[in-house]
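The values are calculated or read from the model by the stated rules, or taken from the named source; none is laboratory data. This one's a predicted model, so the numbers in the text were calculated from it and none came from an experiment. Cβ placement follows ideal geometry from the backbone for every residue including glycine, while neighbour counts extend to all protein chains displayed.
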Amino acid sequence: MRIAVLADIHGNVLALDAVLEDLARRGGAELTVNLGDSVSGPLWPRETFERLEALNLPTVRGNHDRRVAVDPADETMWASDVYAQERLNEAQRRVLCAQPLTLEIAPGIVAFHARPDHDEKYLLDAIVDGQLVRAPLAAIRRRLKALDPACRIALCGHSHRLELVRIPDGPVIFNPGSIGCPAYDDSTPPAHVSEQGSPHARYGIVTLGGEGRPDRFETIAVDYDHEAAARQAEQAGRSEWAHALRTGFMPG
């Protein structure tokens, strides 16, 4: 069984389409899961929502999905959330908010956006000198306490950083990286950035072994018209997003 893992699209429908086309060229997957943060960003939130709605994928709620649903907008919403909210109708926002925090997509395989008990706290990451890096194993273990002990593969996003971690005597945790937002900054103390280091759209494929064969985890980086996405961000007044989309790094 092949499972395609999509995460952190952030309204970048061009990157999403490129990933879906690449997946089709590779023979597709029996199951495709969306790990949330689908529409928030100064790009194409409505178009992305409609594309995903047509696909009807099993999907978990990201922190930005929850924030976009806040109506009216309040001080907790970042500019990208407001941009998306203004372009979605009430029914679409309700759909985003109603998505589950966690979802068992196959026996022993659990999907969530950030942590199994929280949609906004990092699972595999620590903040060091303003950058996201891998957290110590002991910290990751503590953060997994809410995870079902029967879980053998956990799929997560949120940090936009590719990670594959096998917990000794525990699950494999797989973060495929971000499809639509290759870098971001977060001013929430302690302020930090996440940078994938290239503009590619990233996703993953998990091939379940079965009958004694090992599971296989693939990470895929897909080129697409990131310049068009950067121009869209510039038109929305978000030069830092444009820089991230072009380079995979934050300015400065």
Kindly list, by first and then second residue, each pair from a residue in the stretch 132-148 that is part of a helix (DSSP H, G or I) to a residue that is small (Gly, Ala, Ser), limited to pairs with Cβ atoms under 7 Å and residues at least 6 apart or on different chains.
ALA139/ALA126
Among what's in the stretch 185-214 and is modelled with pLDDT under 95 and of a type in the set (D, E, K, R), pick the residue that is nearest to the chain's Cα centre (by Cα).
ARG213
Kindly state which strands (runs of 3 or more DSSP E) lie completely within the stretch 170-212 and contain at least 2 residues that are under 15 Å from GLU240 (Cα atoms).
183-186, 192-195
Are any residues in the stretch 80-99 among the small types (Gly, Ala, Ser) and surrounded by 15 or more Cβ atoms within 10 Å (Cβ to Cβ), and if so, which ones?
SER80, ALA84
Of (1) touching a strand residue (DSSP E or B) at 6+ places or on another chain (Cβ under 7 Å); (2) of a type in the set (Asp, Glu); (3) surrounded by 24 or more Cβ atoms within 10 Å (Cβ to Cβ), ASP8 satisfies all except one. Which?
(1)
It is to be established whether one or more residues within the stretch 149-166 are in a strand (DSSP E or B), at negative phi, in contact (Cβ under 8 Å) with a residue 60 or more places away in the chain and over 16 Å from the mean Cα position of the chain (by Cα).
yes
Among what's in the stretch 33-58 and is of a type in the set (S, T, N, Q) and within 22 Å of GLU120 (Cα to Cα), pick the residue that is surrounded by the fewest Cβ atoms within 10 Å (Cβ to Cβ).
ASN34
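Residues are listed down the side, and each one gets a yes or a no for (1) over 23 Å from ILE179 (Cα atoms); (2) touching a Cys at 6+ places or on another chain (Cβ under 7 Å); (3) β-branched (Val, Ile, Thr):
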residue: THR102; (1), (2), (3): no, no, yes
residue: ILE109; (1), (2), (3): no, no, yes
residue: PHE112; (1), (2), (3): no, yes, no
residue: PRO116; (1), (2), (3): no, no, no
residue: SER159; (1), (2), (3): no, no, no
I need a count of the residues in the stretch 213-252 that are among the basic types (Lys, Arg) and part of a helix (DSSP H, G or I).
2
